[in-house]
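Scroll down for the structure; my scribbles are underneath it.
The values are calculated or read from the model by the stated rules, or taken from the named source; none is laboratory data. Worth saying up front: this structure is predicted, and the values here are computed from it rather than measured. Note that each Cβ is placed from the backbone with ideal geometry, even for glycine, and that neighbours are counted across all protein chains shown.
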Amino acid sequence: MRASNLVPNWLKGYRRQWLAGDTVAAVLATMMIVPQALAYAALAGLPPHIGLYASLLPLAGYAMFGSSSVLSVGPVAVLSLMTVSALSPLATPGSPEWVLGAVTLAALSGIFLFALGLLRMGALANLLSHPVIHGFVSGAATLIIIGQVSPLLGIQREGETAVEMTIGAVEQLPNALHASALVGLASLALLAAARIWLSYLLRRAGVKKARAKLIARLAPMVVVATAIALSWHFDWDKEMAVVGAIPAGLPEIGMPAPEWGMTYRLLLPALIIALLGFVESLSIAHAIALRRRERLDPDAELRGLGAANLLSAVSGGFAVTGSFARTAINEEGGARSPFSGIIAAGLLALILLFATAPFEMLPLSVLAATIIVAASSLIDLPGFISNWRYDRTDGAAMGGTFLGVVLFGVEAGIGIGIGLSFATLIWRTSRPHIAVVGRVPGTEQFRNVLRHTVRTQPEILFLRIDESLFFSNISAVEDRLLAELKRRPETRDLVLILSSVSRIDGTALERLQQINRDLRAREVQLHLAEVKGPVLDRLSRSRFLEQLSGRIFLSSYIAELALRRRDQEEGDAATT
């Protein structure tokens, strides 16, 4: 392999004029990375500084293999919660075994992702429907928010599900630390106000829209910096829980010795984390790529995220993926290439070397407030309403996944989501749309008799099947054929329009053969129209076409002309 093949394509074509935009974006992104990294590590039950480790090398790993020019990878709330869910049966939060488990999850996820990228399995992004993914993310965000009420108020957290945590928080309210609760609620109010109104107020003051959005997104860093300054000045560490000691210096590189029993039990959670992280990250990167008119390679995204997770593991971090908030900051800051991520990694390394001390005084209640506000943006209520209005099955799948996560936990919610994805697919394919059609007067077009003014023939029934024929839906098709024939006893010819049928499996073929025999016994001829070439090729390998009582027509219009001409000729012969 040539050395040049190891150099990313974006680096080969890098332009000097991009450096300013990449540098500014990196500075802004780093300002957001630090508080988020600390918060999401705490959410994952890990020492906060591990979040900084998980934000360092992954930025460079994704830049080497990924295809998005601005995607920023690192710890995110949903994967932190999934890490807790996977490790809870195996270890105690914060213990060495817990840290080892988090590193193992990142390593396994990285191996899965990179291997899938090498195998060009980017199509796995379509494994789960977007309503199910949004339902899962919304449920996880709700679980995160409820779980952060305890550190926000300075009380003990109890329970795993949303109901248990809510009941536990209510019972613990009398024990809330007043100072911690006051600081946390004040931070929450400021962050929420900044998210809702700051951008609008800045635009009213004459600030350009893009800059106003950028400033509003950096509000968490301002709140965190203010909280740190106040904590130092008033010695808040004596009154409330703070981040505590953060080891100065860069992380040690290397993987700890694996614990094989734990590794085996984490295989499935790691695969789920890998797939969900990939789908969410690809959605973010795809939205940005469309705006920038860039090409996104799903297989490269798999490799980029795989490298990011592997490098997170070897540096003592946990599972990472693309972050919507940090990616938005990166884009709005003017990033032109993945080099902004490498610059951000360099800045973060400087913070780890020389500037960790200030963050040791950050109150945990402020971190909880930043998590709650960040997670609230992940709850997609408009998406649920839109899905419910457009397609009730999608709305039900989204709502079911959401309730599964909230009521039964992350793992159960994922299982319910996957089950609902396949149940929705099976439900749709088992109930194919079948339309009685007729010809639009003056044209050769055939349309649904319920939607258009069309002309039909009393002895010719045209049925259009808008779904491939499988074992799961052929019974529904047969029932509809019989029902339509019962409503039209004068029918002599049944024409099945197969323009939307891309495949007929073996079970469906057997039933079609039986339908053909039954119709022949009723003196009704079965015809096919607009059959696709691949479908016709497969049918020709069976005896169905030889046994077909009717004919195969190139179009519905040709079928109508031919059958009417035949009837006319038979009528003329009868009169003579």
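Brief remarks on what is shown
One line per residue, one yes/no per condition, for (1) among the charged types (D, E, K, R); (2) touching a Gly at 6+ places or on another chain (Cβ under 7 Å):
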site: Tyr390; (1), (2): no, no
site: Val406; (1), (2): no, yes
site: Val410; (1), (2): no, no
site: Gly415; (1), (2): no, no
site: Arg431; (1), (2): yes, no
site: Ile434; (1), (2): no, no
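- Apart from one condition, Ser281 fits all of (1) in contact (Cβ under 8 Å) with a residue 40 or more places away in the chain; (2) within 15 Å of Ala357 (Cβ to Cβ); (3) not in a loop (DSSP other than H, G, I, E, B); the exception is (2).
- Restricting attention to segment 502-516, the residues that are within 21 Å of Phe553 (Cβ to Cβ) and either part of a helix (DSSP H, G or I) or out of contact with any strand residue (DSSP E or B) (no Cβ under 6 Å at 6 or more places or on another chain) (or both) total 8.
- Among residues of segment 38-57, those that are farther than 18 Å from Ser187 by Cα and hydrophobic (A, V, I, L, M, F, W, C), counted: 8
- Residue in segment 410-422 that is within 30 Å of Val224 (Cα to Cα) and either in a helix (DSSP H, G or I) or acidic (Asp, Glu) (or both) present: yes
- Where Ala205 falls short, out of the listed (1) small (Gly, Ala, Ser); (2) closer than 22 Å to Leu143 by Cα; (3) surrounded by fewer than 18 Cβ atoms within 10 Å (Cβ to Cβ); (4) without any contact (Cβ under 8 Å) to a residue 60 or more places away in the chain: (2)
- Matching residues in segment 357-378 - criterion: being surrounded by fewer than 19 Cβ atoms within 10 Å (Cβ to Cβ) and not in a helix (DSSP H, G or I): Ser377
- Some residue of segment 304-318 being among the aromatic types (Phe, Trp, Tyr) and part of a helix (DSSP H, G or I): no
- Within segment 330-356, the residues that satisfy the criterion of being hydroxyl-bearing (Ser, Thr, Tyr) and either surrounded by 24 or more Cβ atoms within 10 Å (Cβ to Cβ) or under 21 Å from Gly21 (Cβ atoms) (or both) are Ser337, Ser340.
- So Leu378, is it within 17 Å of Gly51 (Cα to Cα) and not acidic (Asp, Glu): no
- Taking segment 319-342 as the range and being at pLDDT 90 or above, within 12 Å of Leu71 (Cβ to Cβ) and not in a loop (DSSP other than H, G, I, E, B) as the test, the residues that pass are Thr321, Gly322, Ser340, Gly341.
- Residues within segment 212-234 that are in contact (Cβ under 8 Å) with a residue 24 or more places away in the chain, in contact with a Leu (Cβ under 9 Å, 6 or more places away or on another chain) and farther than 12 Å from Ala194 by Cα, tallied: 4
- Residue check, Phe112 in contact with a helix residue (DSSP H, G or I) (Cβ under 9 Å, 6 or more places away or on another chain), among the aromatic types (Phe, Trp, Tyr), surrounded by 21 or more Cβ atoms within 10 Å (Cβ to Cβ) and at pLDDT below 95: no
- Qualifying positions in segment 261-296 - of a type in the set (Lys, Arg) and surrounded by fewer than 16 Cβ atoms within 10 Å (Cβ to Cβ): Arg291, Arg292, Arg293, Arg295
- Flag for Ala54 being under 21 Å from Met221 (Cα atoms), in contact with a helix residue (DSSP H, G or I) (Cβ under 6 Å, 6 or more places away or on another chain) and at pLDDT 95 or above: yes
- First in segment 389-408 and closer than 15 Å to Leu143 by Cα and in the same structural domain as Gly419 (by TED's automatic domain parsing), second anywhere and among the aromatic types (Phe, Trp, Tyr) and surrounded by fewer than 23 Cβ atoms within 10 Å (Cβ to Cβ), Cβ under 8 Å, 6 or more apart: Gly399/Phe384; Gly399/Trp388; Phe402/Phe384
- Within segment 244-276, the residues that satisfy the criterion of being modelled with pLDDT of 90 or more and among the small types (Gly, Ala, Ser) are Gly249, Gly254, Gly261, Ala270, Ala274.
- Count of residues meeting criterion [of a type in the set (S, T, N, Q) and either within 17 Å of Val24 (Cβ to Cβ) or in contact (Cβ under 8 Å) with a residue 40 or more places away in the chain (or both)] in segment 182-202: 1
- Of all residues making up segment 530-574, the number that are free of Cβ contacts under 8 Å to residues at least 60 places away in the same chain, of a type outside the set (Gly, Ala, Ser), farther than 18 Å from Thr443 by Cβ and part of a helix (DSSP H, G or I): 16
- Count of segment 136-149 residues which are without any contact (Cβ under 8 Å) to a residue 40 or more places away in the chain and hydroxyl-bearing (Ser, Thr, Tyr): 0
- Only one of Pro251, Pro247 that is touching a His at 6+ places or on another chain (Cβ under 8 Å), outside any helix (DSSP H, G or I) and not aliphatic (A, V, I, L, M): Pro247
- Identity of the residue in segment 437-480, among the aromatic types (Phe, Trp, Tyr) and closer than 22 Å to Leu554 by Cβ, that ends up surrounded by the most Cβ atoms within 10 Å (Cβ to Cβ): Phe446
- Extreme residue, farthest from the chain's Cα centre (by Cα), among residues of segment 200-217 that are assigned to a helix (DSSP H, G or I) and modelled with pLDDT of 90 or more: Arg204
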